[in-house]
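The values are calculated or read from the model by the stated rules, or taken from the named source; none is laboratory data. Because the structure is a prediction, the values reported are computed rather than measured. Note that each Cβ is placed from the backbone with ideal geometry, even for glycine, and that neighbours are counted across all protein chains shown.
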Amino acid sequence: MMQDVKTQKGYTEVWVQQQCPLAWAYFKRFEKLLRARKAFQKFFDPERDPFYSMYSVTADTMAPFKTCWMDVSATMKATVLEAQDGEVLTIPEHTVMFVPATSANEGHYLAAVLNSGIVGTAIEGYAVDNHLSTHPIENIVIPRFEGDRALHIRLSQLSRAAHEGVTEQDEQAVRAAQKSIDKEVLALW
């Protein structure tokens, strides 16, 4: 990615030409198309900013742990993306909402809470269409993760069990983890 997350603009054209000449040659093939993007025209100065700059790419985008859910959905289906050492970092698409996490435990804790029945009921109470966006995080007060709280660690473990059940296509394990999440999460409030 040719984006400086600190400036939230593309790396300078001179730097890219010198450090990444093949990427530069590739981007140049699409310069006209990239300059014509509405987001580029709205958020960047075409005279000063590199034509391959992308809107809203921040340090959060590069977080190694993310709790994610679909923007367009009638129900919450949160999952956790974890970058393992040596693996390519997953960067969600613009139709995927995410919250960066400082650890896998924190990401799984949030996924457990968001996937709980009580949060699902709350979402059903105010969502009028299939557009969740960031509403659950904005409208539901979720206690901040505390790595030394037994309940938070338990919810994280249950989320991992649910994720593993999905990976193994073990519906019984997923249902058991979800049932435990729904019971345990009530103690948060």
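Residues in the stretch 141-185 that are without any contact (Cβ under 8 Å) to a residue 12 or more places away in the chain and among the polar types (S, T, N, Q) were compared, and the one that is farthest from residue 103 (Cα to Cα) is 172. Of the helices (runs of 4 or more DSSP H) lying entirely inside the stretch 132-189, the ones with 3 or more residues being modelled with pLDDT under 95 are found at 135-139. Of the residues making up the stretch 50-91, those that are touching a residue at least 60 places away in the same chain (Cβ under 8 Å), within 10 Å of the chain's Cα centre (by Cα) and within 29 Å of residue 117 (Cβ to Cβ) are 69, 70, 79, 80.
Considering the stretch 159-175, and only residues there that are over 23 Å from residue 145 (Cα atoms) and either outside the structural domain of residue 107 (by TED's automatic domain parsing) or among the hydrophobic types (A, V, I, L, M, F, W, C) (or both), the residue that is farthest from the chain's Cα centre (by Cα) turns out to be 173. The single condition among (1) more than 30 Å from residue 142 (Cβ to Cβ); (2) among the small types (Gly, Ala, Ser); (3) in contact with a helix residue (DSSP H, G or I) (Cβ under 7 Å, 6 or more places away or on another chain) that residue 86 does not meet is (3).
Is there a residue in the stretch 18-28 that is over 30 Å from residue 165 (Cβ atoms), modelled with pLDDT of 90 or more and of a type in the set (D, E, K, R)? Yes, the stretch 18-28 contains at least one residue that is over 30 Å from residue 165 (Cβ atoms), modelled with pLDDT of 90 or more and of a type in the set (D, E, K, R). Looking across the stretch 71-96, the residues that are assigned to a strand (DSSP E or B), within 22 Å of residue 158 (Cβ to Cβ) and not acidic (Asp, Glu) come down to 79, 80, 81.
With the structure loaded, tell me whether residue 55 is modelled with pLDDT of 95 or more and either outside any strand (DSSP E or B) or assigned by TED's automatic domain parsing to the domain that holds residue 9 (or both) or whether it fails that test. Judged against the criteria, residue 55 is not a match.
Annotation note: of 174, 99, the sole residue that is among the β-branched types (Val, Ile, Thr) and more than 17 Å from residue 67 (Cα to Cα) is 174.
Filtered by the rule that a residue be over 19 Å from residue 4 (Cβ atoms) and aliphatic (A, V, I, L, M), the stretch 29-51 gives 33, 36.
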